[in-house]
Amino acid sequence: MTDLIKHYRQLLGIAKGWATANLAGWCDDLHRDLLARHGAVEIDGRVSASSMNMPQLASALDDYERRGWPRSRTFSAKGKQAPAKVTPQISQIVKLWGNLDKAGKLKNPSRAGMLGFCGHHVKREITKLDDLTTGECQSIIEALKAWSRR
């Protein structure tokens with residue numbers, strides 16, 4: 001699996017969390033319906049983003065954007081969208097945050113909750129994970145690891 005496909009799947013999870021928190025009545029069933037409309041198929045009894053290819057994932061993310069998800073993008077010099085490079089530290093933060101959610105340790109598993117945690121930890125407002133320095137990322141990773149061990 002390419003890093004970009006993995007990143008897009010993580011973004012889908014973040015978008016789903018945003019939708020659950022911000023769109024009235026949004027639930028897992030609606031998320032799975034959205035995925036199915038963009039080409040996801042059933043795996044082990046449920047519609048899964050892991051069955052989607054790159055254009056399908058991008059299409060599903062665009063659908064969330066049309067619903068108001070505040071996804072920020074980067075652009076190349078020619079004006080075409082350039083895939084953002086996800087640092088290993090940011091990928092690790094998102095992964096650890098997801099693991100804490102799966103373990104039931106988060107009250108607010110959304111992107112906003114993750115950014116709030118990061119901002120609280122580094123004692124400044126964080127609007128996107130790219131705002132973090134390498135040292136701040138490492139500090140947050142260690143805090144998330146400690147939290148998951150408790």
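Descriptive notes on the structure:
- The mean of 1/r over all distinct Cα pairs in the range 102-143, once inverted, gives the Kirkwood hydrodynamic radius of 10.7 Å.
- Helix 3-22 and the long axis of the chain differ in direction by around 90°, with both axes built from C-alpha atoms.
- Solvent-accessible heavy-atom area per residue, rounded to whole Å², over the range 83-134 at 1.4 Å: 62 Å²
- Label point distance in nm, GLU142-ASN22, each placed 7 Å from Cα along Cα→Cβ: 3.3 nm
- Axis angle, to the nearest 10 degrees, between helix 111-122 and the longest C-alpha principal axis of the chain: 10 degrees.
- The chain: angle of helix 28-37 to the longest principal axis, Cα-based, in degrees nearest 10: 50 degrees
- Cβ-derived FRET efficiency at R0 25 Å, LYS123 paired with ASP29, nearest 0.05: 0.05
- Accessible area of the chain belonging to carbon and sulfur atoms, whole % at 1.4 Å probe: 53 percent
- In the chain, the convex hull through the Cα atoms has an average projected area of 10.0 nm², a quarter of its surface area.
- A Förster radius of 35 Å combined with the Cβ-Cβ distance from SER59 to ALA112 puts the calculated FRET efficiency at roughly 0.90.
The values are calculated or read from the model by the stated rules, or taken from the named source; none is laboratory data. These numbers were taken from a predicted model, which means no experiment stands behind them. So basically every Cβ, Gly included, is an ideal-geometry build from the backbone, and we count neighbours across all protein chains shown. What goes into the accessible areas is simple: the full protein's heavy atoms, side chains included, and nothing from ligands, DNA or RNA. Shrake-Rupley method; radii C 1.70, N 1.55, O 1.52, S 1.80 Å.
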